[in-house]
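To start, the structure under review is shown below, and the notes come after it.
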Amino acid sequence: DAQHWWLVPIQELGPNRNAMQRAVGTLVADGGTDIYPALATAQQTLESAEAPGKHIILLTDGQSQQGDYPGVLARMRERNMTLSTIAVGQGADVPLLQWLAEQGQGRFYYTDRARDIPRIMTDETKLAASHPIVEEPVEPLVAGSSPVLTVTGGQFPTLGGYVVTQTKGAAQAILVSSRGDPLLAQWQFGLGRAAAWTSDSEGRWSAGLTGWERGGVFWSALVDWTLPPEEAPFQVRGAVVGSEAVLSVEGETEHGSTLTARVADPDLSGVDVPLKAVAPGRYEARFPATSQGAYLVTVTEQGADGARRSTVGGLVVPYPPEYGDIGPQPGFDQGGRLLGQVATATGGRTLAQPQEAFAPDLPPAYGRVPLAWWLLMAATLLLPLDVAVRRLNLRRADLAEWTAAARAWVGARRARVEPQEASPILARMRRHRAGHARAVAHIEHAPPPQPAAGIEDRRSARPAAQEKADAPLPPPQRPRPRPEPSTRQQPREGPPVPQSESASPTERWLEAKRRARRRP
């Protein structure tokens, strides 16, 4: 964070373990990074602490402002304090942390995986809490198999001391002390081999080994193992399939021997993988390969008589294809000459900006479109018409007649012409009803007739009450029809009925109704 504070003050671990775990569990990443104030506070606090060894582990994942780091480191050296640093992730200031660990007489660690932090902290604490030199009688214990031990006959003399170290992930401890510290370790690195002996060879701690009758043979075997073998007894091949690595080993093994493979991943963590026989003289093994980098494989054959043969191989897990650089490589297209030549040869142009790819002034592009399918469909549709033209022997008159009939049908459909009734009786009834409806409509819209003068005088002379009681309300009257010309034919129903001038409105109305019924 941008500020520092104590989560757990310096105190004895024993009775306060649970409270310390709860306090550390409240730690969260927040704010920025400021290393120097926290480091200076830790150095000042350790000065007053009562402890034989004082060690600081600086863990950070960021970069900090500058501070008086040389002054803090000088005070730490004066008071026999040491400092180790752990950089987490690519955002950490690796050069600064490396320099602090070197000047603080500690160790520098780097990891980009959070799950590695507990292991690193534990290993560093063990190294810092233990004294680097152990001077006491030590009985070497066999922890692994190696051709070097075949010449000792399963025995080894007592040593007087050793330097405390730890094995790396890909190394194999051969001899260890009763505390578990390595005394002899071997490591296959690429095509070369390395061996580490943590005791001395001048007689201070190895007086028993120097006076031992097999001491010279032991040193010779140790040096011979580091030299490359004359001929590899096995052929080791590796391939990556998805997230797994497939290991194939070919070679002849002795009767009763065992074949094992040890794989060191890119983080130098060693793991043993079992080999399964899939054919005579051929073995395979599978193991997860999720990390990019080189995997070192050591195949060892342990014979029934204790003889050992080993072969080194390996495989590489590359980066995913999408991480590949698809841009122009340096030296391949200096100044864009090759791309310009390609653009000129194909009639294009070189684009300087990405948005130029969508410019509307690009020349049109032409291509071929297969027409076989469309021509086949057209032939299928035209074949019936061709057969009809050849077999029906059509004439122009027939075509004209069909065209006229089609036009007439279309016109009738547009005008919504009602088709003729099949029954003549139904047609005559419909005509009669239509004529009656027209006559009634004409009578209803006709003006009322004017009564004669004599009738009006007599009607006025009668009493009003008697006239109201005797005279019914006349229906609407239509005017008298004019006499028709003599040339007009009379209706078939009979001769015309003469009408007098003095006919009542009711009679005239009835006569008009009868004429309307007789009208065709």
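The values are calculated or read from the model by the stated rules, or taken from the named source; none is laboratory data. The model shown is predicted, which means the values in this text are computed figures rather than measured ones. Glycine also receives a Cβ, built like all others from the backbone with ideal geometry; neighbour counts cover every protein chain displayed. Note: accessible area is taken over every heavy atom of the protein model, side chains too, but ligands, DNA and RNA are not part of it. Shrake-Rupley method; radii C 1.70, N 1.55, O 1.52, S 1.80 Å.
Quick notes on this one:
- Selection from the stretch 279-295 of residues that are open to solvent by 80 Å² or more (accessible area, probe 1.4 Å) and closer than 20 Å to G256 by Cα: P280, R282
- Qualifying residue in the stretch 123-136 (condition: open to solvent by 10 Å² or more (accessible area, probe 1.4 Å) and without any contact (Cβ under 8 Å) to a residue 24 or more places away in the chain): no
- The stretch 355-375: number of residues that are loosely packed, with under 10 Cβ neighbours inside 10 Å, assigned to a helix (DSSP H, G or I) and modelled with pLDDT of 85 or more: 2
- When residues of the stretch 252-267 are limited to those that are closer than 10 Å to Q302 by Cβ and part of a strand (DSSP E or B), the one least open to solvent (accessible area, probe 1.4 Å): L259
- Check on T150, at pLDDT below 90, assigned to a loop (DSSP other than H, G, I, E, B) and open to solvent by 30 Å² or more (accessible area, probe 1.4 Å): no
- Hits in the stretch 143-165 - residues which are within 51 Å of the chain's Cα centre (by Cα) and within 20 Å of W225 (Cβ to Cβ): A143, G144, S145, S146, T165
- Looking at Q43, Q3, just one residue is surrounded by 10 or more Cβ atoms within 10 Å (Cβ to Cβ), without any contact (Cβ under 8 Å) to a residue 60 or more places away in the chain and in a loop (DSSP other than H, G, I, E, B), and that residue is Q3.
- Residues of the stretch 195-212 that are in a helix (DSSP H, G or I) and either polar (S, T, N, Q) or under 56 Å from the mean Cα position of the chain (by Cα) (or both): T210 alone.
- Across the stretch 213-251, the number of residues qualifying as hydrophobic (A, V, I, L, M, F, W, C), assigned to a strand (DSSP E or B) and surrounded by 12 or more Cβ atoms within 10 Å (Cβ to Cβ) comes to 6.
- Counted residues, the stretch 31-54 - those being within 11 Å of R79 (Cα to Cα) and touching a helix residue (DSSP H, G or I) at 6+ places or on another chain (Cβ under 6 Å): 2
- For first residues located in the stretch 59-81 and on the phi > 0 side of the Ramachandran plot, partners that are in a loop (DSSP other than H, G, I, E, B) and open to solvent by 80 Å² or more (accessible area, probe 1.4 Å) and lie 6+ apart or on another chain with Cβ distances below 9 Å do not occur.
- The set of residues from the stretch 102-133 being modelled with pLDDT under 85 and under 28 Å from R193 (Cα atoms) comprises K126, L127, P132, I133.
- Search result, residues across the stretch 388-445 that are at pLDDT 70 or above, within 26 Å of L510 (Cα to Cα) and either in contact with a Phe, Trp or Tyr (Cβ under 9 Å, 6 or more places away or on another chain) or of a type outside the set (G, A, S) (or both): R428, M429, R430, R431, H432, R433, H436, R438
- If only residues of the stretch 51-71 that are polar (S, T, N, Q) and either part of a loop (DSSP other than H, G, I, E, B) or modelled with pLDDT under 85 (or both) are counted, the one that is most open to solvent (accessible area, probe 1.4 Å) is Q66.
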